[in-house]
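Visitor: This is the structure I have questions about; it appears just below.
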Amino acid sequence: MGMRGKRVAVLESRLGRELTELVAGRGAQPFHAPALAELPDLDPQAIAALVKSLEARPAKLAIFQTGVGTRALFAAADSLSLTQGLLSSLKGMTVAARGPKPAGALRQRGVHIDRSAADPFTTRELLDCIEDVPVRGERVVVQRYGVANVELDRALEARGAEVIEIPTYRWSLPPDTAPLAELVERLGRGEVDAVLFTNAEQARNLFLVGNQLRKGEMLKDALNRTLVASIGPVASAALREAGVKIAVEASPPKLGALLSAVEGAL
């Protein structure tokens, strides 16, 4: 049987259509409730100032956390005619990539990669891969993703680094939260068999909407009666913070593994 005939909620935004089709392809009834919007958060003047400051005072380490953010940074540098300056500065730094997506974006620009976080590409693996880089008294550039990585920044600062964050995009609620509100209601009525979380912010935004409806506690209870599937450790941590039990966690943290785990659990 697996997923056949089961009602599965999909909260993914960027790859939402593809994931919904994959769920339907396994015989399930998908309900798509996008839980996240990615909004540009680039300040061209700040990027220009950063590139010039790196020429004057180079950084020891540069950390790239996402493919989307890495491409956005280089696109901004292109528009400012500062790409060559950025590339020159990176040549003198130790460059670390959090996973294959930022690594791919860096290779497209011909940037060397000295350190790569191991699967499942969480902050823990990222810190492990740079633990022997001497950063005391040094500048460290961190390409931010949707939110500041407080764990990463604090760990670097504890080692004596001066952390410089580069915002490239930020996460927000989607413009239309009606599908999320409908999902809260469906969960409350027991009309959902499984919920797929592919990002930690999806969990936070679902509860944000639930709390706005004054149904946060009901939402938590409903999720704990439903099969909750997480893409990996970061999403799982956000769910546990909300008091939600995770039934399955993908290993490796990829969509195919997530769907296979859900199918097996159902």
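Visitor: Which of the residues belonging to region 67-102 are under 16 Å from the mean Cα position of the chain (by Cα) and crowded, with 21+ Cβ neighbours inside 10 Å?
Guide: 69, 70, 72, 97, 98, 99, 102
Visitor: Give the number of residues within region 15-25 that are out of contact with any strand residue (DSSP E or B) (no Cβ under 7 Å at 6 or more places or on another chain) and surrounded by 17 or more Cβ atoms within 10 Å (Cβ to Cβ).
Guide: 1
Visitor: Which residue is surrounded by the fewest Cβ atoms within 10 Å (Cβ to Cβ), if the candidates are limited to region 26-55 and must be under 25 Å from residue 178 (Cα atoms) and small (Gly, Ala, Ser)?
Guide: Checking each candidate, the answer is 37.
Visitor: All but one of (1) in a loop (DSSP other than H, G, I, E, B); (2) surrounded by fewer than 21 Cβ atoms within 10 Å (Cβ to Cβ); (3) in contact (Cβ under 8 Å) with a residue 24 or more places away in the chain hold for residue 218; state the number of the condition that does not hold.
Guide: Of everything listed in (1) in a loop (DSSP other than H, G, I, E, B); (2) surrounded by fewer than 21 Cβ atoms within 10 Å (Cβ to Cβ); (3) in contact (Cβ under 8 Å) with a residue 24 or more places away in the chain, residue 218 misses just condition (1).
Visitor: Also, I was wondering about something else. Check residue 251 against each of (1) modelled with pLDDT of 95 or more; (2) in contact with a Pro (Cβ under 9 Å, 6 or more places away or on another chain); (3) not aliphatic (A, V, I, L, M) and name the one condition it does not meet.
Guide: In the conditions (1) modelled with pLDDT of 95 or more; (2) in contact with a Pro (Cβ under 9 Å, 6 or more places away or on another chain); (3) not aliphatic (A, V, I, L, M), residue 251 misses (1) alone.
Visitor: Looking at 213, 208, 258, 227 in this structure, which one is crowded, with 22+ Cβ neighbours inside 10 Å, under 19 Å from residue 33 (Cβ atoms) and in contact with a Leu (Cβ under 9 Å, 6 or more places away or on another chain)?
Guide: Being crowded, with 22+ Cβ neighbours inside 10 Å, under 19 Å from residue 33 (Cβ atoms) and in contact with a Leu (Cβ under 9 Å, 6 or more places away or on another chain) holds for just one of 213, 208, 258, 227, which is 258.
Visitor: Step by step: first the residues of region 93-103, then only those that are modelled with pLDDT of 95 or more and out of contact with any Leu (no Cβ under 8 Å at 6 or more places or on another chain), then the one that is nearest to residue 114 (Cα to Cα). Which residue is that?
Guide: Ranking the qualifying residues of region 93-103, first place goes to 103.
The values are calculated or read from the model by the stated rules, or taken from the named source; none is laboratory data. Since the structure is predicted, the reported quantities are computational estimates derived from the model, not experimental observations. All Cβ positions, even for glycine, are placed from backbone atoms using ideal geometry, and neighbour counts span all protein chains on display.
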